[in-house]
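Asks: Quick one: this structure, given as structure tokens, is what I'll be asking you about.
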Amino acid sequence: MVETRSSRMLGWALPIVVALIAALQRFSHLARPKGFIFDEVYYVTGARQFLRHGVEYDYLKHQSVFIVHPPVGKWIIAGGIKIFGDNEFGWRFAVALIGSLSILILARVAKRLFGSTTLGVIAGILLAVDGMHFVHSRVALLDLILMFWALCGFALLLIDRDRSREFLSLWGEFGPRPYRLLSGVCLGLAAGTKWSGFYIVFAFAVMSLVWDASAKRKFENRLTIRNTINTGLTLGVLPIITYIATWIGWFRSTLGWDRHWADNRSSDFGFVPRALRSLWHYHSEMYFFHVHLHTPHPYQASPWGWLILRRPTAFFYFAPPTGTNHCLAKTCAQEITALGNPLIWWSGIFALIFVAYSFLRKRDWRTGAILTGFLAGYLPWFAFLHRTVFSFYGIVFLPWLVLAVTYTLGEILGKRTDPQRRLRVGIVATFVATAIVLFFYFLPVLDGQVIPYSRWHSMMWFSSWI
């Protein structure tokens, strides 16, 4: 079916409207509360040091600083500070911007995946009214940035899939694949934000290879060694090159941690440049830190409980005295907690089961893509049950959870000619409206409003939420 010009315009206009409305909500009172929220102290400090030295370097103590995450996220936070100054708005501007853009991207991904502007808009709305996404879009942490680059990589692979198949049908080969090249760069930037991005790189490389093999079979052709090598180069080697390139500030500086570690050390790998050997040693120290992180934390949460929102992470809590900070009640509370929208997350569990069933029954490539994105962001954490982890890491797989819910809603909605059309539309509309209502219900504990303690306590549905 050929898309008309008006439907193409609508396919862009409606997601843009959703993203703009979401952006207004995310930028509103962005500087509230004052001071650092949760781990902002680490990433904002790193961003400041990047702007001054290009690496993490304590300019007060005049010494290098050992940091356990790659530089991309901190450079992005530094961009907001550079433009708007070293203040709360400047710290959080970049994440608010990419959080808003991710809503537009997901809406367009859903539009391409399901061939429906309606479902694209629904996906955008659901992401926009998810509390965890909202909070991450207003706090200068790295996880939303990782999610953004992973989602960009996924979106570009979807475009590549469509374009390469068109070329294959005409010429018998996939042809130039600029979108897959760009995807490789985005996935490298995801890994350059947090190492967990490498799991996504691997998963998406395999997914793309499977898509290519499927396309070749459809056109009675076989996947060649050259196709496999191209996939390995664009989605294997290119992300690694991109990742190494993100350390350019460390390479150019003489102040970075371990920057000259290999200078006076002999090695069986002497043919490898000293800077790369030093970087490798630095990474071995980072790896040791991550696998041995066992520091107890009151909000640590096993991955087993993430989907049911068993233990959301409180990023900020303050009990302002009566008469201060707009507190007019006897006791007040001010909190920012990374709590996902209960309707989206709880229904998402059933949606994922339905998506898995549909994949096994129909071999629908769309359900396979959704499961790949979700499992790549979620499954690896079960290998680290022994270490300190938090439920807010789930932001990385949230877009694919939303896509699973959207796919399920699309199956309920059906076609215009299906029986009981009004009932189907009513069910989907009620679901989306309820998700919106729940978002505004929980909004005071998502954006740090000062509210009476009794109202705050009423939102803590379970004792594990406190």
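The values are calculated or read from the model by the stated rules, or taken from the named source; none is laboratory data. Please read all numbers here as calculations on a predicted model, not as lab measurements. When we count neighbours, we look across all protein chains shown, and the Cβ atoms used for this are built from the backbone with ideal geometry, even at glycine.
Asks: Please determine, by comparing only the residues of region 381-392 that are touching a strand residue (DSSP E or B) at 6+ places or on another chain (Cβ under 9 Å) and part of a helix (DSSP H, G or I), which one is surrounded by the fewest Cβ atoms within 10 Å (Cβ to Cβ).
Replies: The selected residue is Ser391.
Asks: Follow-up question, since we're still on this one. Of the residues that sit in region 362-380 and are surrounded by 14 or more Cβ atoms within 10 Å (Cβ to Cβ) and more than 20 Å from the chain's Cα centre (by Cα), which one is nearest to Leu293 (Cα to Cα)? Steps first, please.
Replies: At the first step, the residues of region 362-380 found to be surrounded by 14 or more Cβ atoms within 10 Å (Cβ to Cβ) are 364-378, 380.
Narrowing further to those that are more than 20 Å from the chain's Cα centre (by Cα): 364-365.
Working: Asp364: 40, Trp365: 38 Å.
If we take residues in region 362-380 being surrounded by 14 or more Cβ atoms within 10 Å (Cβ to Cβ) and more than 20 Å from the chain's Cα centre (by Cα), then Trp365 is nearest to Leu293 (Cα to Cα).
Asks: Among the residues of region 419-428, which ones are surrounded by 14 or more Cβ atoms within 10 Å (Cβ to Cβ) and either among the small types (Gly, Ala, Ser) or under 27 Å from Leu375 (Cβ atoms) (or both)?
Replies: Val428
Asks: Among what's in region 9-48 and is part of a helix (DSSP H, G or I) and of a type in the set (S, T, N, Q), pick the residue that is surrounded by the fewest Cβ atoms within 10 Å (Cβ to Cβ).
Replies: In this case the residue turns out to be Thr45.
Residues are listed down the side, and each one gets a yes or a no for (1) under 27 Å from Trp400 (Cβ atoms); (2) touching a helix residue (DSSP H, G or I) at 6+ places or on another chain (Cβ under 6 Å); (3) not in a loop (DSSP other than H, G, I, E, B):
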position	(1), (2), (3)
Ala262	no, yes, no
Arg277	no, no, yes
Phe289	no, no, yes
Thr295	no, no, no
Gln300	yes, no, no
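Asks: May I ask you to list the residues in region 305-327 that are more than 11 Å from Phe392 (Cα to Cα) and in contact (Cβ under 8 Å) with a residue 60 or more places away in the chain?
Replies: Once the filter is applied, which keeps residues that are more than 11 Å from Phe392 (Cα to Cα) and in contact (Cβ under 8 Å) with a residue 60 or more places away in the chain, region 305-327 yields Gly305, Arg310, Phe316, Phe318, Ala319, Pro320, Asn325, His326, Cys327.
Rundown of residues vs (1) farther than 29 Å from His283 by Cβ; (2) at pLDDT 95 or above; (3) of a type in the set (S, T, N, Q); (4) touching a Ser or Thr at 6+ places or on another chain (Cβ under 8 Å), yes/no style:
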{"position": "Met9", "(1), (2), (3), (4)": "yes, no, no, no"}
{"position": "Leu30", "(1), (2), (3), (4)": "yes, yes, no, no"}
{"position": "Phe89", "(1), (2), (3), (4)": "yes, yes, no, no"}
{"position": "Phe93", "(1), (2), (3), (4)": "yes, yes, no, no"}
{"position": "Gly115", "(1), (2), (3), (4)": "yes, no, no, no"}
{"position": "Leu127", "(1), (2), (3), (4)": "yes, yes, no, yes"}
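Asks: Of the residues that make up region 353-360, is at least one loosely packed, with under 12 Cβ neighbours inside 10 Å and either part of a helix (DSSP H, G or I) or hydrophobic (A, V, I, L, M, F, W, C) (or both)?
Replies: Checking region 353-360: at least one residue is loosely packed, with under 12 Cβ neighbours inside 10 Å and either part of a helix (DSSP H, G or I) or hydrophobic (A, V, I, L, M, F, W, C) (or both).
Asks: Considering only region 264-286, how many residues are of a type in the set (Ser, Thr, Tyr), touching a residue at least 12 places away in the same chain (Cβ under 8 Å) and within 27 Å of Trp381 (Cβ to Cβ)?
Replies: Selection size over region 264-286: 1.
Asks: Can Glu166 be described as part of a helix (DSSP H, G or I), over 25 Å from Leu97 (Cβ atoms) and out of contact with any helix residue (DSSP H, G or I) (no Cβ under 6 Å at 6 or more places or on another chain)?
Replies: Numbers: part of a helix (DSSP H, G or I): yes; over 25 Å from Leu97 (Cβ atoms): yes; out of contact with any helix residue (DSSP H, G or I) (no Cβ under 6 Å at 6 or more places or on another chain): yes.
The answer is yes for Glu166.
Asks: Out of all the residues in region 70-113, which are farther than 23 Å from Leu141 by Cβ and either surrounded by fewer than 20 Cβ atoms within 10 Å (Cβ to Cβ) or hydroxyl-bearing (Ser, Thr, Tyr) (or both)?
Replies: Selection gives Arg112 alone.
Asks: A follow-up question, please. Just to be sure, is Phe50 in contact with an Asp or Glu (Cβ under 9 Å, 6 or more places away or on another chain) and either among the hydroxyl-bearing types (Ser, Thr, Tyr) or closer than 30 Å to His283 by Cβ (or both)? So that I can check it myself, show each step before the final result.
Replies: Numbers: in contact with an Asp or Glu (Cβ under 9 Å, 6 or more places away or on another chain): yes; either among the hydroxyl-bearing types (Ser, Thr, Tyr) or closer than 30 Å to His283 by Cβ (or both): yes.
In short, yes.
Asks: Which residues, taken from region 240-260, are in contact (Cβ under 8 Å) with a residue 24 or more places away in the chain, hydroxyl-bearing (Ser, Thr, Tyr) and assigned to a loop (DSSP other than H, G, I, E, B)?
Replies: Thr246, Ser253
Asks: Of all residues in region 169-197 being free of Cβ contacts under 8 Å to residues at least 24 places away in the same chain and not in a helix (DSSP H, G or I), which is farthest from Thr234 (Cα to Cα)?
Replies: Taking the candidates together, the pick is Glu173.
Asks: Restrict the check to region 326-346 and report whether at least one residue is at pLDDT 85 or above, touching a Lys or Arg at 6+ places or on another chain (Cβ under 7 Å) and buried (at least 19 other Cβ atoms within 10 Å of the Cβ).
Replies: no
Asks: Show the residue pairs meeting these rules: Cβ distance below 7 Å; 6+ apart or different chains; first residue within region 454-465 and among the polar types (S, T, N, Q); second residue surrounded by 14 or more Cβ atoms within 10 Å (Cβ to Cβ).
Replies: Cβ pairs passing all conditions: Ser464/Arg310; Ser464/Arg311.
Asks: Scan region 409-418 and tell me whether some residue there is touching a Phe, Trp or Tyr at 6+ places or on another chain (Cβ under 7 Å) and either buried (at least 16 other Cβ atoms within 10 Å of the Cβ) or under 17 Å from Phe350 (Cβ atoms) (or both).
Replies: yes
Asks: Could you please find all residues in region 428-446 being free of Cβ contacts under 8 Å to residues at least 60 places away in the same chain and closer than 19 Å to Leu413 by Cα?
Replies: The answer is Ala429, Thr430, Ala433.
Asks: Out of region 198-219, which residues are in contact with an Asp or Glu (Cβ under 9 Å, 6 or more places away or on another chain) and either among the polar types (S, T, N, Q) or free of Cβ contacts under 8 Å to residues at least 60 places away in the same chain (or both)?
Replies: Within region 198-219, just Ser208 meets the criteria.
Asks: Please find, within region 221-239, the residue that is modelled with the lowest pLDDT out of those that are within 24 Å of Val72 (Cβ to Cβ) and touching a helix residue (DSSP H, G or I) at 6+ places or on another chain (Cβ under 7 Å).
Replies: Ranking the qualifying residues of region 221-239, first place goes to Thr231.
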